[in-house]
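Written below as structure tokens is the structure these notes are about.
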Amino acid sequence: ITSEVFRLLGSDEAHIPIRPEHLALLADLLAEERINSGTGKRLIGMMWASDRNPRQLAEEHKLWMISDRETLAGYAGQVIESNAKSVADYRSGKVKALDTLVGQMMRLTGGQGNPVLIRSILKEKLG
């Protein structure tokens, strides 16, 4: 959170246009794993433009993290089917190929997938 605030703040500005309680709510959403870090950065940008409650923004823009195992398993099946080379690479010992598959799942979920759970599900499916 702080790195994104400082990025937006820049060197010329000294005022943070977000109420401390809204930053605290955002930190809570991250800690509760309701959103991921990418969504947190996106919400800070929205809050910077109009100091609004991050829970309301996440709800309005449907930014909640997808942590439902069954939903993510469905996406994993699609990614495995459509990325035969990365699957073969991973199964032959190239562990970096898993990062490619995780990235594909994050793209399918619009960046809303729980990356820890995604990695776990892919590992299970790829055996």
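With every protein chain left in place, what is the accessible area of Val116 in Å² (1.4 Å probe, nearest 10)?
Solvent-accessible area, nearest 10 Å²: 110 Å².
Within the P(r) computed for the chain, what percentage of the Cα pairs occupies the region above 22 Å?
Roughly 45 percent, once rounded to a whole number.
Could you work out the per residue convex hull volume over the alpha carbons of the range 82-127, in cubic angstrom?
It is 61 Å³ per residue.
Enumerate the amide H contacts of Gly113 below 5 Å, restricted to partners 5 or more residues apart or on another chain; note that Pro and chain-start residues carry no placed amide H.
Ile66
Work out, step by step, the length gained on full extension between Glu81 and Asp68: first 0.36 nm times the residue separation, then minus their alpha carbon distance; give nm to one decimal.
2.6 nm is the gain from fully extending Glu81 to Asp68.
Please check: in the Gaussian network model of the chain (C-alpha springs, under 10 Å), which one of Pro20, Pro115, Pro54 has the largest mean-square fluctuation.
Pro20
Would you calculate the volume per residue, in Å³, of the smallest convex hull containing every Cα atom of the range 58-107?
Per residue, the Cα convex hull of the range 58-107 comes to 83 Å³.
Between Ile16 and Ala31, how many nm apart are label points set 7 Å from Cα along the C-beta direction?
Between Ile16 and Ala31, the label points sit 1.5 nm apart.
Against the empirical 2.2 N^0.38 Å scaling, what ratio does the C-alpha Rg of the range 21-85 come to?
Ratio of Rg to 2.2 N^0.38 Å for the range 21-85: 1.38.
Please check the chain for the longest run free of GluC sites (Glu not before Pro) that are loop-located per DSSP (anything but H, G, I, E, B) and have at most 16 other Cβ atoms within 10 Å.
34-127
Given points 7 Å out from each Cα along the Cα-Cβ axis, report the Ser50 to Ser3 separation in nanometres with one decimal.
2.9
Any idea what the dipole of the range 1-102 comes to, in debye rounded to 20, about its Cα centre with Lys/Arg Cβ at +1 and Asp/Glu Cβ at -1?
About 380 debye.
The values are calculated or read from the model by the stated rules, or taken from the named source; none is laboratory data. Remember, predicted model here, so these are calculated numbers, not experimental data. Note that each Cβ is placed from the backbone with ideal geometry, even for glycine, and that neighbours are counted across all protein chains shown. To get the accessible areas, we keep the full protein, side chains included, count just its heavy atoms, and leave off ligands, DNA and RNA. Shrake-Rupley method; radii C 1.70, N 1.55, O 1.52, S 1.80 Å.
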